[in-house]
Amino acid sequence: MKYTGSLVKKEREQIFKLFLKSFKLKFNEIEKETGIRSNMVSYHLEIMQKEGLLEKRKGYYLLTKNAERYMPIFSNLIGKELSALPVILIALINKNKILLMKRIRRPYKNYWSLIGGKMLLEEDFETASLRLVKEKTNLDCEYASLNSVLHERVQENKIVKHSFILFFTKIITKNKNFIESPYGELKWFNLKDINKKIIPSDLWLIKNKINSKINVDEATMLEKEGKLSRFKIKNN
């Protein structure tokens with residue numbers, strides 16, 4: 001059998017998928033469950049250890065802590081399914097003005113938009129909002145509130161091309177002197193006179209939710225060897 005790149009990828013995915021149901025597996029269990037030849041199982045396991053996906057303890061293979069981060073999104077990574085993407089959108093306010101960015105990338109290329117991006121795994125709404133603004137404008141700000149949650153879908157010919165869950169936050173700055181950004185042109189707009197080409201959903205949030213405030217409960221808990229403990233709600 002000739003092993004092509006696509007076949008190697010498929011077999012590696014088969015092995016990773018086994019660990020969605022099992023905490024640890026022996027070599028012969030992996031070989032039996034996947035039906036992959038033993039020499040290729042050895043090859044895959046060696047590479048997956050070098051890549052930091054697997055570790056070996058007392059004759060068993062286990063996912064590393066970093067690899068466990070991919071478990072909830074495994075189906076997305078292999079292209080089996082797609083999910084709505086959570087995104088932070090930030091109303092960056094200085095008195096009666098709001099800072100917007102003209103997008104240079106698709107989707108929504110050449111539209112003005114709220115500053116935003118993805119929330120990192122370790123972040124909450126506040127830290128994500130402040131980080132994204134700092135990265136894209138270099139402005140120091142004060143977090144104000146979470147204002148709205150909006151599910152947005154974009155269709156073309158009855159096909160959903162994009163789906164976003166938008167978390168709309170507001171932060172305040174006393175400084176208007178931003179740096180030029182590689183992400184797109186930045187410009188201050190008067191809140192009462194926004195007449196540029198703006199993403200419709202962003203414009204709706206600005207017009208309707210800029211002074212709103214909602215509470216979203218945030219929780220943390222610990223896990224050790226599959227056992228959950230210390231569930232805690234963050235006080236907002």
Next item on the list: Please work out how much length the chain gains when fully extended from LYS17 to TYR183, using 0.36 nm per residue of separation minus the C-alpha to C-alpha distance, in nm with one decimal.
Entry: 56.1 nm
Notebook entry, point to check: If each Cα of the chain is one equal point scatterer, what is log10 of I(q)/I(0) from the Debye formula at q = 0.09, 0.11, 0.15, 0.17 Å⁻¹?
Noted result: -0.56, -0.76, -1.03, -1.16
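Using just the helices of the chain, give the 222 nm mean residue ellipticity in deg cm²/dmol: DSSP H runs with n ≥ 4 each add -39,500 (n - 2.57), and the total is spread over all residues, rounded to 500.
On the way: 7 runs with 66 residues, N = 236.
Value at 222 nm, helices only: -8000 deg cm²/dmol.
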Margin query: What aspartates and glutamates does LYS174 reach when the alpha-carbon gap must be under 15 Å and sequence neighbours fewer than 8 apart in one chain are set aside?
Written below: ASP140, GLU142
Checklist line | Cα-based reach from LYS196 at 20 Å (exclusive), listing aspartates and glutamates while leaving out same-chain residues under 8 positions away | finding: GLU180, GLU185
Check: Fewest to most neighbouring Cβ within 10 Å: what's the order for HIS44, HIS162?
Finding: HIS162, HIS44
Item checked: Cα-based helix-to-principal-axis angle, 200-209 vs the chain, degrees rounded to 10 -> 60
Notebook entry, point to check: Mind checking the angle between helix 125-137 and the chain's longest principal axis? C-alpha axes, 0 to 90 degrees, to the nearest 10.
Noted result: 70
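Tell me, what is the percent relative contact order of the chain, built from C-alpha pairs under 8 Å that lie six or more residues apart?
Values: 343 pairs, mean separation 39.6, N = 236.
After rounding, I find 17 percent.
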Next item on the list: Report, ordered by chain and residue number, the aspartates and glutamates lying within cross-link reach of LYS224, taken as a straight Cα distance under 17 Å and ignoring same-chain residues fewer than 8 apart.
Entry: GLU55, GLU68
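Mind putting a number on the dipole of the chain about its Cα centre? Charges go on the C-beta only, +1 for Lys and Arg and -1 for Asp and Glu, and I need it in Debye to the nearest 20. Kindly include the intermediate steps, with their values, before the conclusion.
Numbers: 46 positive and 27 negative charges, 85 e Å.
Dipole of the chain, to the nearest 20 debye: 400 debye.
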Note to self: Under a crude label model (7 Å from the Cα following the beta-carbon direction), how far is ILE233 from LEU121 in nanometres?
What the structure shows: 2.7
Check: For the residues MET101, MET119, what sequence is obtained by ranking on other C-beta atoms within 10 Å, fewest first?
Finding: MET119, MET101
Notebook entry, point to check: Applying 1/(1 + (r/R0)^6) with R0 = 45 Å to the Cβ-Cβ distance of LYS161 and GLU68, what FRET efficiency is obtained, to the nearest 0.05?
Noted result: 0.90
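Ranking LEU191, LEU114 by Cβ neighbours within 10 Å, fewest first, what do you get?
Numbers: LEU191 14, LEU114 24.
The fewest-first ordering by Cβ neighbours comes to LEU191, LEU114.
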Checklist line | Environment charge of GLY52, counting only residues whose C-beta is closer than 13 Å and scoring Lys/Arg +1, Asp/Glu -1 | finding: 0
Next item on the list: Over the alpha-carbon set of segment 2-105, divide Rg by the Kirkwood Rh and report the Rg/Rh ratio to two decimals.
Entry: 1.22
Notebook entry, point to check: Any idea how far the Cα center of segment 106-139 sits from the one of segment 43-88, in Å?
Noted result: 26
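Using the structure shown, select from LYS21/LYS227; LYS109/LYS187; LYS21/LYS234 the pairs with a Cα to Cα distance greater than 23 angstrom.
On the way: LYS21/LYS227 15 Å; LYS109/LYS187 16 Å; LYS21/LYS234 30 Å.
As for pairs spanning more than 23 Å Cα to Cα, those are LYS21/LYS234.
Considering only Cα-Cα distances, which of the following residue pairs are longer than 32 Å: LYS32/LYS118; LYS176/LYS197; LYS118/LYS192? List each step's numbers first, then the result.
Values: LYS32/LYS118 39 Å; LYS176/LYS197 22 Å; LYS118/LYS192 28 Å.
Among LYS32/LYS118; LYS176/LYS197; LYS118/LYS192, the Cα-Cα distance tops 32 Å for LYS32/LYS118.
A short reminder: the numbers here are calculations on the coordinates, not readings from a lab. Being a predicted model, the structure only gives us computed values, none of them experimental. Note that each Cβ is placed from the backbone with ideal geometry, even for glycine, and that neighbours are counted across all protein chains shown.
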